[in-house]
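J.: Sharing a structure below in structure tokens format, with a few things to ask.
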Amino acid sequence: RAARELCRVIRPGGCLVATIWPSQILPLNQFWNEVMQQAAVSPPVGTRLPPELDFERTTDGFVGLLAEAGFEQIDCQQIRWTFEIAPEELWIAVEAGIAVIGQTYRTQDVAGRDRMRSAYAEITRARAHEGMLAIPALAIVVSARA
């Protein structure tokens, strides 16, 4: 429904540019899973779409979703890069409640938040090089005409 609505509201010939994370477990997901496991916390229930309401999070799945919604001239590709960030800057996003890890942090009691912060500090101390984390990343990017 959302893709059809995007197609409807974009002016004729207008361009949509969008990105998604693929469904596979990426290094950043593994990193956050390790933080949660070490802190003995779990993400809140209902943070993921039920499979029957989701689409295949691949280039083919993204193209199919947009084609079904009425988009044309669809160009879709995977983009790989190394995400580099200072650990303290990445933690700001967690405290702001961004993504599942941020939602997980915000649903914890004080003890759970302290454990997450401690686990994060320990893990990033071991992984940071010259004060920076370097995490391989992958996204699916699409452009399409309405």
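J.: In square angstrom, rounded to the nearest 10, how much accessible surface does residue 62 have for a 1.4 Å probe?
T.: Around 10 Å² of this residue is reachable by solvent.
J.: Now, a different point. Counting only protein heavy atoms and using a 1.4 Å probe, what share of the accessible area of the chain belongs to carbon plus sulfur, as a whole percent?
T.: Here it works out to 53 percent.
J.: Continuing with this model, one more query. When all protein chains stay in place, what accessible area (Å², nearest 10, 1.4 Å probe) is found for residue 89?
T.: Surface accessible to solvent at residue 89 totals approximately 110 Å².
J.: Rounded, prolate or oblate: pick one for region 43-115, where a ≥ b ≥ c are the square roots of the eigenvalues of its C-alpha gyration tensor, a/c under 1.5 means rounded, and failing that, prolate if a/b is larger than b/c, else oblate.
T.: Oblate shape, in that a/c is at least 1.5 and b/c is the bigger or equal ratio.
J.: Taking the Cα centre of the chain as the origin, how large is its charge dipole in debye, to the nearest 20, when only Lys and Arg (+1) and Asp and Glu (-1) carry charge on their Cβ atoms?
T.: On the way: 14 positive and 17 negative charges, 51 e Å.
Once rounded to the nearest 20, the dipole reads 240 debye.
J.: Quick check for you: with a 1.4 Å probe and neighbouring chains kept, what is the accessible area per residue of the chain, in Å²? The partial results should precede the final answer.
T.: Numbers: 9280 Å² over 146 residues.
Here the per-residue accessible area is 64 Å².
J.: While we're looking at this one, here's another question. Which order do you get for 7, 15 if you rank them by accessible area with a 1.4 Å probe, largest at the top? Don't skip to the answer; put the middle values down first.
T.: Details: 7 25, 15 65 Å².
Largest accessible area first, the list is 15, 7.
J.: Given axes a ≥ b ≥ c from the Cα gyration tensor, I'd like to know whether region 1-65 is rounded (a/c under 1.5), prolate (a/b larger than b/c) or oblate.
T.: Cα axes put region 1-65 in the prolate bin.
J.: To continue, here is another question. Sequence gap at least 6, Cα distance under 8 Å: using those rules, report the relative contact order of the chain to the nearest whole percent.
T.: 46
The values are calculated or read from the model by the stated rules, or taken from the named source; none is laboratory data. Owing to the predicted nature of the structure, the values given are computational and were not obtained by experimental measurement. FYI the Cβ positions are ideal-geometry reconstructions off the backbone, even for glycines, and counts take in every protein chain you see. These area figures cover heavy atoms from the full protein model, side chains too; ligands, DNA and RNA do not enter into them. Shrake-Rupley method; radii C 1.70, N 1.55, O 1.52, S 1.80 Å.
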